[in-house]
Amino acid sequence: MANKKRLSRRVGSRAIAHVQATFNNIRITITDLKGDVLCFETAGSCGFQHTRKGTPFAAQRTAERVAEKARRLGIEEIEVKLKGPGSGREPAVTGLEGAGLSVKSIEDVTPLPHDGCRPAKRRRG
């Protein structure tokens, strides 16, 4: 019952797409301008498994699916905020554009330390 109420509320035509691209997965969340989550999708929920979740192709397919959900809610324009070092950053933006959403701005919000915590020791292998 709460789910029906949430889908029926009026959503503006603008939203924010938060793209978090790690080396192992990609997570795309669509929020309204206040920051409330409207819909989200991950590469794992799109059917990709194991190492294929971190590929650019998985990022593009994930972006297309979340854009389709957003269009059903009435969203037409989005601002994209990219976070993380993964290889699916650019394909996610092209997937959002290809699914019919108009991308107004792209911003990188990856957190960078200002000499904060000591990094982990070097990986051997």
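A compact table of results
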{"read-out": "Which listed pairs, of LYS34/LYS83; LYS34/LYS104; LYS81/LYS121, have C-alpha distances above 22 Å, in listed order", "value": "LYS81/LYS121"}
{"read-out": "Relative contact order of the range 14-56, defined on C-alpha pairs under 8 angstrom at six or more residues apart (%)", "value": "35 percent"}
{"read-out": "Antiparallel bridges, percent of DSSP beta bridges restricted to the chain (to nearest 5)", "value": "45 percent"}
{"read-out": "Solvent-accessible area per residue, Å², over the range 25-104 with all protein chains present [probe radius 1.4 Å]", "value": "50 Å²"}
{"read-out": "For the chain, calculated [θ]222 nm from helices alone, where every DSSP H run of n ≥ 4 adds -39500 (n - 2.57)", "value": "-8500 deg cm²/dmol"}
{"read-out": "0 to 90° range, to nearest 10: angle between helix 56-72 axis and the chain longest Cα axis", "value": "20 degrees"}
{"read-out": "Within the range 72-121, trypsin sites (Lys or Arg not before Pro) in DSSP loop having at most 16 other beta-carbon neighbours inside 10 Å", "value": "LYS121"}
{"read-out": "Fraction of alpha-carbon pairs over 19 Å apart in the range 28-98 - percent", "value": "28 percent"}
{"read-out": "Loop sites in the range 9-106: chymotrypsin sites (Phe, Trp or Tyr not before Pro), DSSP, at most 15 other Cβ within 10 Å", "value": "PHE23"}
{"read-out": "Contact order relative to length of the chain, as percent, for alpha carbon pairs under 8 angstrom and 6 or more apart", "value": "26 percent"}
{"read-out": "Carbon and sulfur %, accessible surface of the range 23-69 computed with the full protein complex present, 1.4 Å", "value": "52 percent"}
{"read-out": "Computed lengthening from ARG14 to SER45, 0.36 nm per intervening residue step minus Cα-Cα distance", "value": "8.7 nm"}
{"read-out": "Computed Kirkwood radius, in angstrom, where 1/r is averaged over Cα pairs of the chain", "value": "15.3 Å"}
{"read-out": "The range 61-106: relative contact order in percent, alpha carbon pairs under 8 Å with at least 6 residues between", "value": "57 percent"}
{"read-out": "Nearest-ten-degree value, helix 89-98 long axis tilted from longest Cα axis of the chain", "value": "20 degrees"}
{"read-out": "Solvent-accessible surface ranking, highest first, for HIS18, HIS50, HIS114 at 1.4 angstrom", "value": "HIS114, HIS50, HIS18"}
{"read-out": "GLU107 accessible area, 1.4 Å probe, all protein chains in place, Å² to nearest 10", "value": "90 Å²"}
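The values are calculated or read from the model by the stated rules, or taken from the named source; none is laboratory data. All of these numbers come straight from a predicted model, not from anything done at the bench. With ideal geometry, Cβ positions are generated from the backbone for all residues, glycine too; neighbour counts draw on all protein chains shown. Surface accessibility is based on the protein's heavy atoms, side chains included, excluding ligands, DNA and RNA. Shrake-Rupley method; radii C 1.70, N 1.55, O 1.52, S 1.80 Å.
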